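The values are calculated or read from the model by the stated rules, or taken from the named source; none is laboratory data. Every value quoted in this text rests on a predicted model; they were computed, and no experiment measured them. No Cβ is skipped: glycine too gets one built from the backbone with ideal geometry, and neighbour counts run over all protein chains shown. SASA here: full protein model, heavy atoms, side chains in, ligands and nucleic acids out. Shrake-Rupley method; radii C 1.70, N 1.55, O 1.52, S 1.80 Å.
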Amino acid sequence: NRKEVRRQVRQGLDLNEDDFLVFTGGKIDRLKNTHLLIDALRQLNNRNLHLIICGVLTPQMEYLQEQIEANANIHYLGWCDAERVMNCMVASDLACFPGTHSTLWEQSVGVGLPAIFKRWPEMEHVNVNGNCLFVENDSVKELSDTITYFMNPENYAIKKALTQEAAKRFLYSEIARKAIEIK
């Protein structure tokens, strides 16, 4: 029950239904660019914009803990099991992965989240039909501009509608069907 999961997760984080929640996660190392996402959130300075992070900070990135704790709009959950990660995605409005690949990219598309991904060669498969946008650079400004694009209700509605078709391509049943057809 997506509505109930969304309500429960948001209630647990003390978020309102109209707050805009961005999801990111994975092993938080320097190449994931989570630090840039945190800076973009700080730059946007919007009380209705929140970030949820499911993942573990590597020793190199532990300095972020202080920044996270200083910002009430960042919700760092640490390591989460698969069910909690999925629930957090369902509760979110946008996935944002501004760095290297994680299997969470495909999972976020499969859940039906509009998304921001860092453009990498061979990783365009997550863009099924315009369901996502790619950032080209390791730039806080580019990230904040792209998040702002998604926060516009008209832009968001268009991307959200596209995610439903994209999500179908990442269902295990669809992947299995294609694998059988190939043989």
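Data table
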quantity	calculated
Residue within the range 73-90 that is part of a helix (DSSP H, G or I), open to solvent by less than 80 Å² (accessible area, probe 1.4 Å) and either within 16 Å of ALA40 (Cβ to Cβ) or without any contact (Cβ under 8 Å) to a residue 12 or more places away in the chain (or both) present	yes
Whichever residue in the range 133-181 is in a loop (DSSP other than H, G, I, E, B) and touching a residue at least 24 places away in the same chain (Cβ under 8 Å) and, among such residues, is surrounded by the fewest Cβ atoms within 10 Å (Cβ to Cβ)	LEU171
Single condition GLY99 does not satisfy, out of (1) surrounded by 14 or more Cβ atoms within 10 Å (Cβ to Cβ); (2) part of a loop (DSSP other than H, G, I, E, B); (3) out of contact with any strand residue (DSSP E or B) (no Cβ under 8 Å at 6 or more places or on another chain)	(3)
Residues being closer than 19 Å to GLN107 by Cβ and surrounded by 15 or more Cβ atoms within 10 Å (Cβ to Cβ) - total across the range 1-25	8
Test: residue in the range 47-57 that is over 16 Å from the mean Cα position of the chain (by Cα), hydrophobic (A, V, I, L, M, F, W, C) and surrounded by fewer than 17 Cβ atoms within 10 Å (Cβ to Cβ)	no
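Here is a yes/no grid of residues against (1) farther than 17 Å from LYS32 by Cβ; (2) modelled with pLDDT of 95 or more:
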residue	(1), (2)
PHE97	no, yes
PRO114	yes, yes
LYS118	no, yes
MET123	no, no
ASN129	yes, no
LEU143	no, yes
LEU171	yes, no
